[in-house]
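The values are calculated or read from the model by the stated rules, or taken from the named source; none is laboratory data. Quick caveat: nothing in here was measured; it's all calculated off a predicted structure. Don't worry about glycine lacking a Cβ; one is built from the backbone with ideal geometry, like all the others, and counts go over all protein chains shown. To get the accessible areas, we keep the full protein, side chains included, count just its heavy atoms, and leave off ligands, DNA and RNA. Shrake-Rupley method; radii C 1.70, N 1.55, O 1.52, S 1.80 Å.
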Amino acid sequence: MKIIHVSAECYPIAKIGGLADVVGALPKYQQDKNTISEVIMPLYDNTFTNDNSFETIFNSQIIFGESTVNYSIVKLEDSTLQFPVYCVNIPDYLYKTYVYSNDDVDRFLLFQIAALDWILTLQQKPNVIHCHDHHTGLIPFMLQECFKYKELNTIPVVTTIHNAQYQGWFGYDKLHLIPKFNLDNIGLLDWDNCINPLATAIKCAWRVTTVSPTYMEELKVEANGLQHLLNHESKKCVGILNGIDTTVWNPETDNFLNYNYNISNLEKGKAANKEALCKQFNLDYDKPLFAFIGRLVGEKGADVLPFALEKALENNDCSVIVLGSGFENIQNHLSFLKSKYEGRYNVFIGYDEALSHQIYASADFLLMPSRVEPCGLNQLYALRYGTIPIVRNVGGLKDTVKDISQLNGFGICHNHVSVDNIYNAMLRGINLFDKTTTFKSIRKLIMQKDHSWFVSAKAYKTLYKSIK
Ligand SMILES: Nc1ncnc2c1ncn2[C@@H]1O[C@H](COP(=O)(O)OP(=O)(O)O[C@H]2O[C@H](CO)[C@@H](O)[C@H](O)[C@H]2O)[C@@H](O)[C@H]1O
């Protein structure tokens, strides 16, 4: 079986968030003697691209409205990723900005057309095309409806929704950019009087998946306007929980860490990492260390976070470290707290892969007060690094974290994204930190949780086979 994943991000080539982690890992775990799993993604101008070699394997052009756009398909020469990666190089569109920008409609339309034009020329066609998020949402439609892809319309196409908040909406003024199709079927593109790539994918994909079972159920109630559509298409929808790449995320071998550790020297390892991080960020090592890593947006509860942190720092002995970027007002609020709680609080505004690993290894607790969380990978990385997750009961967080009040519980769960709820959850954390024996035994327990990709990769394979 040959699978081609089509995605805007793939770790380590280009990563903005969790989408990259998934597309950078799932194909690796899908490979076996009967399966080849590949990725096609855009080529962006970034450090990875500049530091690596790519072989040009295909050149062509796309008639795009009034313009003719040249592009090439290049193949990553380095094989350490353990799966083939092809990139669409469109210098004037995709390459010029790193991942997302304000002309994404044109950029990702061209990406999708180029990917399909190239697939059309392949001798060994894929048995499944697996699309990720709205940037690739028109592929299921184009395969089914566009005249030039008729030869591909028997290839099953799966769409995975990593985040239904973003749908890629655009107006009918760009309709002419989509390759020719029977206009009687224009309704497949439409949702609420505009072209909605995510809605189109839900209508046209052979199967639709989300990244956790609970998120799939939540989407049927609230999906930023697509809930009725998801209910209507529910027979082809399924939630498959994400895994994590346990070779990249392994405290025993992680090159980003100051001190590598495993279950047998967990306390020593966490202490050494915490000490180094606290020194670097001027934090009190002796206090329980709470961390937040992620996009500073409402979806992640980041608007409420500074207020809850302030309450916790004001009333309790604790240390806090935040890593993220997003809305300016949230960034400013988080930065403002620095001078107020110097020596116990710090924030790094920006994106830093190495620092994220160091924080997972150093923190005692990881905060995820998300309003929406399709799966969430941070809590899974936290578990693997012996850091206790404090999460809101939502989406994939609900599927992966069990509260300490329950039998074999190992995390702290709260129900609302409110200052008091987050604050109370942090108090429970401080209380747990003081019960040293229980705290240590939970750390040991969580490090042994298996969230590797094996189970989920198998679930995707079963899904592909069911639609062949
Ligand atoms: N400032 C920063 N510096 C360094 N690293 C940072 C960072 N901000 C975030 N990260 C990293 O980005 C990733 C975030 O992954 P998540 O899955 O938690 O969220 P995201 O919303 O991006 O993904 C969406 O897709 C994924 C994948 O399906 C779903 O799990 C999730 O629920 C959904 O919202 C993690 O690897 C995290 O460490």
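Output the residues belonging to region 262-277 that are out of contact with any Lys or Arg (no Cβ under 7 Å at 6 or more places or on another chain) and either buried (at least 17 other Cβ atoms within 10 Å of the Cβ) or in a helix (DSSP H, G or I) (or both).
Pass one, region 262-277, residues out of contact with any Lys or Arg (no Cβ under 7 Å at 6 or more places or on another chain): 262, 264-265, 268-277.
Within region 262-277, Ser264, Asn265, Lys268, Gly269, Lys270, Ala271, Ala272, Asn273, Lys274, Glu275, Ala276, Leu277 meet the criteria.
Looking only at region 183-203, how many residues end up being surrounded by 13 or more Cβ atoms within 10 Å (Cβ to Cβ) and either among the polar types (S, T, N, Q) or assigned to a helix (DSSP H, G or I) (or both)?
Initially, region 183-203 is screened for residues surrounded by 13 or more Cβ atoms within 10 Å (Cβ to Cβ), giving 186, 188-191, 194-203.
Now narrow it down to the ones that are either among the polar types (S, T, N, Q) or assigned to a helix (DSSP H, G or I) (or both): 186, 188-189, 196-203.
Number of matching residues: 11.
Please identify the pairs in which a residue from region 121-143 that is of a type in the set (Lys, Arg) has its Cβ atom under 7 Å from the Cβ atom of a residue that is assigned to a loop (DSSP other than H, G, I, E, B), counting only partners at least 6 apart or on another chain.
So the pair list comes out as Lys125/Ile155.
When both residues are 6+ apart or on different chains and their Cβ atoms are under 7 Å apart, which pairs have a first residue that lies in region 268-286 and is in the same structural domain as Ser362 (by TED's automatic domain parsing), and a second that is in a loop (DSSP other than H, G, I, E, B) and open to solvent by less than 40 Å² (accessible area, probe 1.4 Å)?
Final answer for the pair search is Lys268/Tyr261; Gly269/Pro251; Gly269/Tyr261; Lys270/Tyr261; Lys270/Gly386; Asn273/Leu257; Asn282/Gly343; Asp284/Gly343.
Considering only region 46-81, state which residues are under 28 Å from the mean Cα position of the chain (by Cα), loosely packed, with under 13 Cβ neighbours inside 10 Å and closer than 25 Å to Val105 by Cα.
Correct list: Thr47 only.
Gln280: within 16 Å of the ligand (Cβ to nearest atom) and open to solvent by 10 Å² or more (accessible area, probe 1.4 Å), yes or no? It would help to see each step written out before you state the result.
Details: within 16 Å of the ligand (Cβ to nearest atom): yes; open to solvent by 10 Å² or more (accessible area, probe 1.4 Å): yes.
Yes.
Tell me which residues, restricted to region 204-223, are in contact (Cβ under 8 Å) with a residue 40 or more places away in the chain, away from the ligand (no atom under 13 Å from the Cβ) and either open to solvent by less than 10 Å² (accessible area, probe 1.4 Å) or out of contact with any strand residue (DSSP E or B) (no Cβ under 7 Å at 6 or more places or on another chain) (or both).
Selection gives Cys204, Ala205, Val208, Ala223.
How many of the residues making up region 336-387 are small (Gly, Ala, Ser) and within 11 Å of the ligand (Cβ to nearest atom)?
Filtering region 336-387 down to residues small (Gly, Ala, Ser) leaves 339, 343, 350, 354, 356, 361-363, 370, 376, 382, 386.
Right, trim to within 11 Å of the ligand (Cβ to nearest atom) and you get 350, 354, 356, 370, 376, 382.
Residues meeting the conditions: 6.
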